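The block underneath contains the structure these notes are about, expressed in structure tokens.
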Amino acid sequence: MTDLLSLTWPQARLGEALVALAQAAKLSPCQVAAPVPPAGLVGDEIGRWLETAVSHLGLEAEPTRIAYGELTGFLRTAGPAIFQIAAEDGVRYLALLRVRGETAVLLGPERQTHKVLLEAVRAALAAAVEGPVLPQVEVLLAEMGNGRQRDKARQFLLREQLAAAPIDGCWLLDLSPGSPFWPQLRRVGFLRQSLTFTGAYFVQHFLFLFSWWVIGRAVFQGRIEMGWLAAWALILFSLLPLRALSVWLQGLIAVNLGGLLQRRLLLGATRLHPDEIRHEGVGQLMGRVFESEAIETVSLNGGIRGLTAIIEIIMAGWVLAVGAGGIGHALLLLLWIGIISGILVVFYKRRYRWTVLRRGLTHYLVEVMVGHRTRLAQSLRRFWHRGEDDDLAEYVKVLDSVDRVGIILEVFISHGWLVVGLLGLVPAFVAGSSPAALAISLGGVLSAESAFRKFALGLVNQLMAGMIAWDQIKPLFVAAARPEVVGDVNTAVSTTPPSGQLLGVHGVSFRYNVQGDQVLDQCSLHVQAGDHILLEGSSGGGKSTLAAVLTGLRQPDSGLVLWQGLDRMTLGSAGWRRRVVFAPQFHENHVLGTTFMFNLLMGRRWPPRREDVVLAQELCAELGLSDVLARMPAGMLQTVGETGWQLSHGEKSRLYIARAILQGVDFLILDESFAALDPHSLQRAMACVRERAPTLLVIAHP
């Protein structure tokens, strides 16, 4: 333990440890000044500062809670990572670079790497959890004496008692999902894996062709010798490890690339501007989800199938060139590829048009289902399906054209080449080429025909679907790369309690578009700590727009919005969100289709700690939601939303209020949050909000 402590970093040098670890792990190649954490950081403040500091490096630090029973397995896959451990002189930090087998590579304070036993790192991280129960365990083991059996018994007892005990103070360092995508691919070894897969498949296909050349030569000689048969069998057995390697690499590439895409698209969804999705309906948003799945699964598999087909076509061209038909036969294959490529372009355009219509019909169907009762009440019967009939007629027309081109493509790919390839052998056959040369050419024709079939399955049916889906996914992919305001690393995390003037709005003006009228015109507002403010006004007067400006969802055209004298650029987006929380109007707030607990605590911390759950239960009781939870079979773990337990308008409103309060911010803004409550529920909710919210702004109609 003494040796391990000598490799730890003090909190004052935590910023230096982050920079050194990022450079050693080749996550951040540039040399940057190491940030210095402010004195007095404790608890969650350390994590917030660390995450802000890492953002300046273009990285992310993912806070991770580890169960005691999973600690060893977690450490084997961790790195680079920062671990917090307790020491006699205070909190210190381990910089874990990587783990190889039973050895952990740590980065010491002198910026040199050191190898230590993985068990020593595990023991240091688990010491705080094991400490309270270790004396009791030692009492039970007092009669066993010393030795290996005693150590095993101790580990077993500790694991049984502490299996679910959480270990905090771990941050995994990685590239941000919004960083350039190529470094992320390089980080997971995508290029190396792809080249290895391509090489393995080339060798595998070459050996397969060579095996048939060996057996074919023996057949055309009129006798099969045991030596040739043994050689053929040996080559086929050699294909097994290559095939296993190809399948393993194919799965690895799909998992790594799919994981990167998921993270990227999820981040992009959170960085979309409100105006980019405000006018999209449920069907359009659902379509994005479907297309995301298509990109992740269909296109990845199609890309790999297409790559293998291209390899097989290249090998088939080489076989044709050395066969009876010679270079002319190989050029015929190239010409056929050009013809198929032209048909593919036509097929792609028509399939794209068909996909657009299909998405439109899906969106229309979902929207009509949502507003079905309104349509029945407000429209005449003869007009109920007029739009649907026109859309379906256009859909059938486009689908028919897609089918016609698809049939032509299927014929050309599946059967056309076989006919053309055999016709290309006629001159060689008439010229009296040797049977061996003709057999080689025939094998090349059949190999190319098989490759064309795989090409059709991979490129046409899968990869093309992914390419068409890309236009739906591209906005999310691009939005993830938008720079987020990080803020100054030392002011983004404040340890001083808020006092005096919290929020200052000075001459703020805002309009939604250049030609539109001013929604806010030279607006000013001053909010003191502890203020409870009621903002009233008529509909369309700019109340919600002002709230969006205060919370940073919209940027003013002119003027300043300051938090205790600091603007959003100084505090950063995350720092501003930790200070100001906005519960928007009912139609702009949402209940996610997951547990009631997640809907409550999603803005606070996940997974939650015990104290978070207790606080959530207390808040639900104060807001009058205890009766709702009592009716739910699974309580706070009950799934709610469109596919779960249905909440009423008033219940959703109180859920939104609780979600906002549980974020524990200094300034809370509630926009029409009490409009759906009955007088009794309104009185309870108002009492809870006034008690729980340090500083409050309530927006309501007069």
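When the residues of region 522-542 are narrowed to those that are touching a residue at least 60 places away in the same chain (Cβ under 8 Å) and part of a loop (DSSP other than H, G, I, E, B), which ends up surrounded by the fewest Cβ atoms within 10 Å (Cβ to Cβ)?
Ranking the candidates gives Ser539 first.
Could you run through region 596-617 and say how many residues are surrounded by 13 or more Cβ atoms within 10 Å (Cβ to Cβ), free of Cβ contacts under 8 Å to residues at least 60 places away in the same chain and assigned to a helix (DSSP H, G or I)?
8
Please indicate, with yes or no, whether at least one residue in region 478-494 is part of a loop (DSSP other than H, G, I, E, B), in contact with an Asp or Glu (Cβ under 7 Å, 6 or more places away or on another chain) and over 17 Å from Phe667 (Cα atoms). Steps first, please.
Filtering region 478-494 down to residues part of a loop (DSSP other than H, G, I, E, B) leaves 480-494.
Subsequent filtering for residues that are in contact with an Asp or Glu (Cβ under 7 Å, 6 or more places away or on another chain) retains 493.
Imposing the further condition that a residue be over 17 Å from Phe667 (Cα atoms) reduces the set to none.
No, every residue in region 478-494 fails to be part of a loop (DSSP other than H, G, I, E, B), in contact with an Asp or Glu (Cβ under 7 Å, 6 or more places away or on another chain) and over 17 Å from Phe667 (Cα atoms).
Within region 431-438, does at least one residue satisfy the condition of being in a helix (DSSP H, G or I), in contact with a Phe, Trp or Tyr (Cβ under 7 Å, 6 or more places away or on another chain), of a type outside the set (Ser, Thr, Tyr) and surrounded by 20 or more Cβ atoms within 10 Å (Cβ to Cβ)?
Step one: filter region 431-438 for residues in a helix (DSSP H, G or I), giving 435-438.
Among the residues that remain, those that are also in contact with a Phe, Trp or Tyr (Cβ under 7 Å, 6 or more places away or on another chain) are: 435-436, 438.
Filter again for of a type outside the set (Ser, Thr, Tyr), leaving 435-436, 438.
So of that shortlist, the ones also surrounded by 20 or more Cβ atoms within 10 Å (Cβ to Cβ) come out as none.
No: region 431-438 contains no residue that is in a helix (DSSP H, G or I), in contact with a Phe, Trp or Tyr (Cβ under 7 Å, 6 or more places away or on another chain), of a type outside the set (Ser, Thr, Tyr) and surrounded by 20 or more Cβ atoms within 10 Å (Cβ to Cβ).
Considering each of Leu629, Leu562, Leu553 in turn, give the residue that is under 30 Å from Asn490 (Cα atoms) and outside any loop (DSSP other than H, G, I, E, B). First the steps, then the outcome.
On the way: Leu629 fails: under 30 Å from Asn490 (Cα atoms); Leu553 fails: outside any loop (DSSP other than H, G, I, E, B).
Selected residue: Leu562, the only one of Leu629, Leu562, Leu553 that is under 30 Å from Asn490 (Cα atoms) and outside any loop (DSSP other than H, G, I, E, B).
Look at Gln663 and say whether it is of a type in the set (S, T, N, Q), within 22 Å of Arg579 (Cα to Cα) and surrounded by fewer than 19 Cβ atoms within 10 Å (Cβ to Cβ). Break it down stepwise before answering.
Numbers: of a type in the set (S, T, N, Q): yes; within 22 Å of Arg579 (Cα to Cα): yes; surrounded by fewer than 19 Cβ atoms within 10 Å (Cβ to Cβ): yes.
Criteria met by Gln663.
Scan region 13-46 residue by residue and report those that are in a helix (DSSP H, G or I) and either crowded, with 19+ Cβ neighbours inside 10 Å or of a type in the set (Asp, Glu) (or both). Write out each step before concluding.
Initial filter on region 13-46 (in a helix (DSSP H, G or I)): 13-24, 44-46.
The answer is Leu14, Gly15, Glu16, Ala17, Leu18, Val19, Ala20, Leu21, Ala22, Asp44, Glu45, Ile46.
Here is a list: Ala634, Ala676, Ala616. Which entry is in contact with a His (Cβ under 6 Å, 6 or more places away or on another chain) and in the same structural domain as Arg577 (by TED's automatic domain parsing)?
Values: Ala634 fails: in contact with a His (Cβ under 6 Å, 6 or more places away or on another chain); Ala616 fails: in contact with a His (Cβ under 6 Å, 6 or more places away or on another chain).
Result: Ala676 is the single residue among Ala634, Ala676, Ala616 that is in contact with a His (Cβ under 6 Å, 6 or more places away or on another chain) and in the same structural domain as Arg577 (by TED's automatic domain parsing).
Inspect all residues belonging to region 309-328 and state whether any of them is modelled with pLDDT of 85 or more, touching a Pro at 6+ places or on another chain (Cβ under 6 Å) and surrounded by 20 or more Cβ atoms within 10 Å (Cβ to Cβ).
The answer is no, given that none of the residues of region 309-328 is modelled with pLDDT of 85 or more, touching a Pro at 6+ places or on another chain (Cβ under 6 Å) and surrounded by 20 or more Cβ atoms within 10 Å (Cβ to Cβ).
Residues of region 58-73 being surrounded by 19 or more Cβ atoms within 10 Å (Cβ to Cβ) and assigned to a helix (DSSP H, G or I), which ones?
Answer for region 58-73, where residues must be surrounded by 19 or more Cβ atoms within 10 Å (Cβ to Cβ) and assigned to a helix (DSSP H, G or I): Tyr68, Leu71.
Is there any pair with a first residue in region 289-314 that is not assigned by TED's automatic domain parsing to the domain that holds Ser441 and assigned to a helix (DSSP H, G or I) and a second that is crowded, with 20+ Cβ neighbours inside 10 Å and modelled with pLDDT under 75 whose Cβ atoms are under 9 Å apart and which are 6 or more apart or on different chains, and what are they?
No pair meets every condition.
Can you say whether Gly593 is within 32 Å of the chain's Cα centre (by Cα) and either in contact (Cβ under 8 Å) with a residue 24 or more places away in the chain or surrounded by 14 or more Cβ atoms within 10 Å (Cβ to Cβ) (or both), as far as the supplied structure shows? Give the steps one after another, and end with the answer.
On the way: within 32 Å of the chain's Cα centre (by Cα): yes; either in contact (Cβ under 8 Å) with a residue 24 or more places away in the chain or surrounded by 14 or more Cβ atoms within 10 Å (Cβ to Cβ) (or both): yes.
Yes, satisfied.
Any idea which residue in region 543-560 is surrounded by the fewest Cβ atoms within 10 Å (Cβ to Cβ), counting only those that are more than 19 Å from Val698 (Cβ to Cβ) and out of contact with any Ser or Thr (no Cβ under 9 Å at 6 or more places or on another chain)?
Here is the first cut: in region 543-560, the residues more than 19 Å from Val698 (Cβ to Cβ) are 552, 554-560.
Next, from what is left, pick out any that are out of contact with any Ser or Thr (no Cβ under 9 Å at 6 or more places or on another chain): 555, 560.
Values: Gln555: 11, Leu560: 13.
Here the residue is Gln555.
The values are calculated or read from the model by the stated rules, or taken from the named source; none is laboratory data. Every value quoted in this text rests on a predicted model; they were computed, and no experiment measured them. Every residue, glycine among them, receives a Cβ derived from its backbone with ideal geometry; neighbour counts consider all protein chains shown.
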